[in-house]
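Here is the structure we will look at, set down as structure tokens.
Every number in this text was worked out from the coordinates using simple rules, so none of it is lab data. Not measured: the values here are computed from a predicted model. Ideal geometry is used to build each Cβ from the backbone, glycine not excepted, and the neighbour counts take in all protein chains shown.
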Amino acid sequence: MSKRSDGFRHRGARSREASVERQALTPNLAAMLGRDDLRDVDTPVAVEPPAGFFEEVGQATEKNFSYVAELIGFVGACAHATLRGRWRRVVSWQDTLDVATETGVKAVPIVLLVGFLMGVIISFELGLVARQFGAVIFVVNGGAVAVLRELGPLMTAIVVAGRTGAGFAAQIGAQKVDEELDALRTFGLDPVEFLVLPRLLASITVVPMLTVFADIVGLIGGGLVMQSFDVTYLQSYTQLLGAVHAWDLVLGLIKATCFGLIIAAVGCHRGLTTGAGATAVGQSATRAVVSSIVLIIVIDGLFAALTS
Amino acid sequence: MDTRPVIRVCDLRMGFGARILLDAVSFDVHRGEILVILGGSGSGKSSLMKTLIGLHDPLAGDIFIKGTSLVGADADEKAHLQRELGVMYQSGALFGSMNVLENVRFPLDRFTDLPLIQKNRIVRRLLRELEMLAAESLMPGELSGGMLKRAGIARAMALGCDILLLDEPSAGLDPITAANLDRTILSLRRSLDVTFIIVTHELQSIFAIADRAILLDPVSRSIIAQGRPADLRDHSNDARVRQFFNRQPDALAPDVITKL
């Protein structure tokens, strides 16, 4: 058996017959380990066998499905609170406006930047391929449809999820940790009506508005890139009018509304289910972002399947 | 004069699922009384308080607030009953986005149509009563522990509640601040006839302010003593009660004592 002088157990000591020689322990620690009365606190450490690949996948799937079921129940509770009508007395319109300002107005610069770059990138990539076939003008068609139906709502939602969804979870989570939610309940106020509904209302209103901004700058970015492929603004504009329909824009805005609902619902739900302590608040914020982005992409896929 | 108890707890059983925390708990609280709920860690004091204010549903039994059942109430009635009770949480639970004045005014903003000037007048009177007037524009993060608790009491009283439940009001306070808070509680009882239910561990505070104490025991999961704190300390036949009030540690086995 190999020995180590630091007093810690080493690999060889795992054998049943092995004995451990302790060296260089501080006197207090050595005295503690030598005390017979502490023997009864020795309990065998239960080592769970590592789960197999399929078991882990199964557990993760079950966990995610139960989370989605819980989230649907939460959205149902919000809908019930809205239909009950009491929220008209409870919801503060000033709070809703404040949340909408924070979620919307302050997100405009980043949404404009991301939307513009998306338009530029998608048109440039399409243009490189289309040029080989002499079909550069049709890049306007592809770029415009991609921006209006997919990239505008999707990128806006991802920006808002990162910026605001995490904020909702952290804010409500911190309020829970500080017993503010209990304080609200003792005033007879339901946190769903008081905290969640204003955020839901703000989010489903603001995300489509931001999407319109992202769409506009995305199309402008695309038009700008078309210049480098010798397509003038006027040509791009004329081609655009023939390429897109009102439905493309409306579909994008319907998606954006759904994404707004998901961002607020996930953020608020993660906040309300925050555990104890400051670490739990951080975890809720992180999970809110991850869950909402995954759900946004899943819902986007469903829309693509349903509208194809 | 109405001699009915302001709060009556009947055969309350509470817990989480199959885990029973307290069973067969019954007691009355009378107008103007200061009742202290005591017990070791894990005895269910805070859970009992949360059940009294309707945040947890009991497994069995009932709670009557001024004669109306809290358990049988629908959502609107429950919300109405909850507004009969003012609650101060251990941390103060002030809303972090509002200053002291706005925090205390919050229930008035929500539940009254009073003009702002009148609401502010009510709030400032309460803050003066609690010696917090100078701190009205401070944010919760700028307040000391004692100030947070005073502001929490002021907010709990803003709707004119005459029953206040305080969760560990002296916890984490220095002796002078804790004594000042005790004086405030007695002063509020004297001037506004407020009834207090206080969850605390602080023996000095208990002897200074409590009219009556109930002691919860985590082993028997019930009330093991009720009465005046000094009587319980000096005359109780129950060794657990005397141990609690005389602040004695658990007895150790003789062989352990020799090794120590």
Candidates B:Ser97, B:Ser91, B:Ser41 - the one that is of a type in the set (S, T, N, Q) and touching an Asp or Glu at 6+ places or on another chain (Cβ under 9 Å): B:Ser91
Test B:Val36 against the stated conditions and say whether it is away from chain A (no Cβ under 12 Å), touching a helix residue (DSSP H, G or I) at 6+ places or on another chain (Cβ under 6 Å), within 21 Å of B:Arg212 (Cα to Cα) and not charged (D, E, K, R). yes
Among the residues of region B:47-106, which ones are facing another protein chain (nearest Cβ under 9 Å), without any contact (Cβ under 8 Å) to a residue 24 or more places away in the chain and farther than 24 Å from B:Gly172 by Cα? B:Leu55, B:Ala75, B:Asp76, B:Ala79, B:His80
Screening A:Arg199, A:Arg185 for residues that are buried (at least 24 other Cβ atoms within 10 Å of the Cβ) and either within 13 Å of chain B (Cβ to nearest Cβ) or not acidic (Asp, Glu) (or both) leaves only A:Arg199
Filter region A:251-266 for residues that are touching a Lys or Arg at 6+ places or on another chain (Cβ under 7 Å) and either crowded, with 24+ Cβ neighbours inside 10 Å or small (Gly, Ala, Ser) (or both) and give the result. A:Gly252, A:Ala264
Qualifying positions in region A:267-280 - surrounded by fewer than 23 Cβ atoms within 10 Å (Cβ to Cβ) and either under 17 Å from A:Pro198 (Cβ atoms) or in contact (Cβ under 8 Å) with a residue 60 or more places away in the chain (or both): A:Leu272, A:Ala276, A:Gly277, A:Ala278, A:Ala280
Check on A:Leu189, touching a residue at least 24 places away in the same chain (Cβ under 8 Å), within 25 Å of B:Leu165 (Cβ to Cβ) and of a type outside the set (Phe, Trp, Tyr): yes
Determine whether A:Thr232 is over 30 Å from B:Met49 (Cα atoms), surrounded by fewer than 22 Cβ atoms within 10 Å (Cβ to Cβ) and over 25 Å from the mean Cα position of the chain (by Cα). yes
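Okay, residues lined up against (1) within 23 Å of B:Met14 (Cβ to Cβ); (2) buried (at least 18 other Cβ atoms within 10 Å of the Cβ):
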site: B:Arg190; (1), (2): no, no
site: B:Thr200; (1), (2): yes, yes
site: B:Leu203; (1), (2): no, no
site: B:Ala208; (1), (2): no, no
site: B:Val219; (1), (2): yes, no
site: B:Arg228; (1), (2): no, no
site: B:Arg233; (1), (2): no, yes
site: B:Asn246; (1), (2): no, no
site: B:Asp250; (1), (2): no, no
Which residue, of B:Arg233, B:Arg221, B:Arg189, is in contact with a Leu (Cβ under 8 Å, 6 or more places away or on another chain) and basic (Lys, Arg)? B:Arg221
State all residues of region B:209-230 that are assigned to a loop (DSSP other than H, G, I, E, B) and either in contact with a helix residue (DSSP H, G or I) (Cβ under 8 Å, 6 or more places away or on another chain) or farther than 18 Å from B:Ile197 by Cα (or both); if no residue qualifies, say none. B:Ala210, B:Pro218, B:Val219, B:Ser220, B:Arg221
So which residues in region A:167-182 are within 11 Å of chain B (Cβ to nearest Cβ) and small (Gly, Ala, Ser), if there are any at all? A:Ala174
Considering only region B:107-151, state which residues are within 14 Å of another protein chain (Cβ to nearest Cβ) and under 21 Å from B:Ser187 (Cβ atoms). B:Leu143, B:Gly145, B:Leu148, B:Lys149, B:Ala151
Identify, from the list B:Leu108, B:Leu130, the residue that is in contact with a helix residue (DSSP H, G or I) (Cβ under 8 Å, 6 or more places away or on another chain), within 28 Å of A:Asp98 (Cα to Cα) and surrounded by 15 or more Cβ atoms within 10 Å (Cβ to Cβ). B:Leu108
Would you mention how many residues in region B:2-55 are in a loop (DSSP other than H, G, I, E, B) and on the phi > 0 side of the Ramachandran plot? 5
What helices (runs of 4 or more DSSP H) completely inside region A:84-202 contain at least 1 residues that are under 22 Å from the mean Cα position of the chain (by Cα)? A:93-103, A:108-132, A:152-160, A:166-177
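Residues are listed down the side, and each one gets a yes or a no for (1) among the aliphatic types (A, V, I, L, M); (2) closer than 16 Å to A:Ile158 by Cα:
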{"position": "A:Thr257", "(1), (2)": "no, yes"}
{"position": "A:Arg270", "(1), (2)": "no, no"}
{"position": "A:Gly277", "(1), (2)": "no, no"}
{"position": "A:Ala288", "(1), (2)": "yes, yes"}
{"position": "A:Ser292", "(1), (2)": "no, yes"}
{"position": "A:Leu295", "(1), (2)": "yes, yes"}
